[in-house]
């Protein structure tokens with residue numbers, strides 16, 4: 001059965017999911033905040049982040065937010081995490097229909113340290129938990145747009161909401177599992193980006209596969225310990241939105257976070273790397289949020305701490321790796 005979907009954010013991820021949903025037979029409107037960019041996207045039917053993949057005519061591209069969400073049954077949020085608060089404020093002013101809001105954004109807001117779902121409930125009055133779901137997992141837009149088999153997790157505190165996401169998003173190339181742990185799913189999707197930056201730093205510094213495997217393995221320990229301290233279920237981090245997303249983001253050529261880490265690991269200043277990028281690497285901002293959360297919850301996160309030192313304090317990558325390697329000896333099942 002066809003449903004009306006408004007996709008907010010016409011980057012690579014938002015466009016890929018809009019194409020997926022249109023292919024599932026749904027009526028899709030794709031919102032691009034910049035009117036000039038929206039007109040160009042509507043005219044060329046190709047997103048520069050997804051070259052060579054035509055956007056079907058059934059996806060209506062617009063810069064009109066009210067038009068996008070009018071009568072929508074599903075509102076899919078794919079904007080960068082640092083813009084979620086402002087976009088949520090705009091939504092609140094429109095008098096939302098009884099839509100299910102699905103967050104495809106992976107990040108933790110700086111300063112407030114809030115997850116996307118927390119920002120939504122704060123900014124949109126009377127929005128019940130049953131109308132919010134998080135969609136996360138190993139899912140590069142470049143592959144989803146090409147129909148490469150992908151599996152993700154939809155999470156909500158209300159099972160009916162995650163099942164609704166399954167019904168609307170699933171097809172023979174995009175499998176959706178349900179979860180009742182949105183805290184874990186959101187944190188896994190955000191925090192893995194920090195470890196992906198670490199993996200890139202090790203690549204840039206000339207380390208090998210052994211180093212990256214160690215960072216990934218110990219990284220999921222850090223993520224799990226912080227996540228459980230914040231109320232998430234440990235099992236969630238062993239799933240698609242945890243270790244699954246961590247693997248793809250740390251190893252893929254599509255990973256923006258790994259790329260940023262690699263360039264910084266080679267010695268380039270962070271600002272110079274970011275200035276040369278068109279797309280957002282969420283792991284940079286999330287590193288600050290993760291470190292702040294680790295202090296609040298008294299969770300030791302040595303990899304996250306060293307990533308922060310390299311990104312924001314210009315600590316040499318090799319020295320950061322050496323400091324990780326020469327820490328006090330610990331038991332694997334108890335120490336980080």
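The values are calculated or read from the model by the stated rules, or taken from the named source; none is laboratory data. No experiment lies behind these values; they were computed from the predicted model shown. Please note: Cβ atoms are built from the backbone with ideal geometry, for glycine as well, and neighbour counts cover all protein chains shown.
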message: Which of the numbered conditions does residue 288 fail, given that it passes all the others? Conditions: (1) over 20 Å from residue 104 (Cβ atoms); (2) out of contact with any helix residue (DSSP H, G or I) (no Cβ under 6 Å at 6 or more places or on another chain); (3) surrounded by fewer than 17 Cβ atoms within 10 Å (Cβ to Cβ).
response: (3)
task: Filter the stretch 125-164 down to the residues that are closer than 29 Å to residue 251 by Cβ and more than 17 Å from the chain's Cα centre (by Cα), then identify the one that is surrounded by the fewest Cβ atoms within 10 Å (Cβ to Cβ).
output: 149
- prompt: Pairs, please: C-beta under 7 Å, at least 6 apart or cross-chain, first residue at positive phi and in the stretch 230-249, second assigned to a helix (DSSP H, G or I)?
  reply: 231/183
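Determine whether residue 93 is surrounded by fewer than 22 Cβ atoms within 10 Å (Cβ to Cβ), modelled with pLDDT under 95, farther than 13 Å from residue 8 by Cβ and out of contact with any helix residue (DSSP H, G or I) (no Cβ under 6 Å at 6 or more places or on another chain). It would help to see each step written out before you state the result.
Details: surrounded by fewer than 22 Cβ atoms within 10 Å (Cβ to Cβ): yes; modelled with pLDDT under 95: yes; farther than 13 Å from residue 8 by Cβ: yes; out of contact with any helix residue (DSSP H, G or I) (no Cβ under 6 Å at 6 or more places or on another chain): yes.
It is true that residue 93 is surrounded by fewer than 22 Cβ atoms within 10 Å (Cβ to Cβ), modelled with pLDDT under 95, farther than 13 Å from residue 8 by Cβ and out of contact with any helix residue (DSSP H, G or I) (no Cβ under 6 Å at 6 or more places or on another chain).
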task: Report the residue count in the stretch 183-214 for those that are touching a helix residue (DSSP H, G or I) at 6+ places or on another chain (Cβ under 6 Å) and within 25 Å of residue 81 (Cα to Cα).
output: 17
- line: Picked from the stretch 267-285 (must be within 19 Å of residue 140 (Cα to Cα) and out of contact with any helix residue (DSSP H, G or I) (no Cβ under 6 Å at 6 or more places or on another chain)), the residue surrounded by the most Cβ atoms within 10 Å (Cβ to Cβ) is 284
- prompt: Of (1) over 18 Å from the mean Cα position of the chain (by Cα); (2) assigned to a loop (DSSP other than H, G, I, E, B); (3) modelled with pLDDT under 95, residue 280 satisfies all except one. Which?
  reply: (1)
Count - residues of the stretch 248-277 that are within 14 Å of the chain's Cα centre (by Cα), farther than 16 Å from residue 307 by Cα and assigned to a helix (DSSP H, G or I): 1
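Name the single residue, out of those in the stretch 112-124 being in a loop (DSSP other than H, G, I, E, B) and under 23 Å from residue 287 (Cβ atoms), that is farthest from the chain's Cα centre (by Cα).
If we filter the stretch 112-124 for residues that are in a loop (DSSP other than H, G, I, E, B), which is where we start, we get 112-114, 124.
So of that shortlist, the ones also under 23 Å from residue 287 (Cβ atoms) come out as 112-114.
Numbers: 112: 18, 113: 15, 114: 14 Å.
Checked the stretch 112-124; the qualifying residue farthest from the chain's Cα centre (by Cα) is 112.
I'd like to check which helices (runs of 4 or more DSSP H) are fully inside the stretch 20-111 and have at least 1 residues that are touching a residue at least 60 places away in the same chain (Cβ under 8 Å) and more than 21 Å from residue 162 (Cβ to Cβ).
Working: elements: 35-44, 65-69, 84-92.
Hits in the stretch 20-111: 65-69, 84-92.
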query: If we scan the stretch 194-212, do we find a residue that is in a helix (DSSP H, G or I), under 27 Å from residue 21 (Cβ atoms), touching a strand residue (DSSP E or B) at 6+ places or on another chain (Cβ under 7 Å) and touching a residue at least 40 places away in the same chain (Cβ under 8 Å)?
result: no
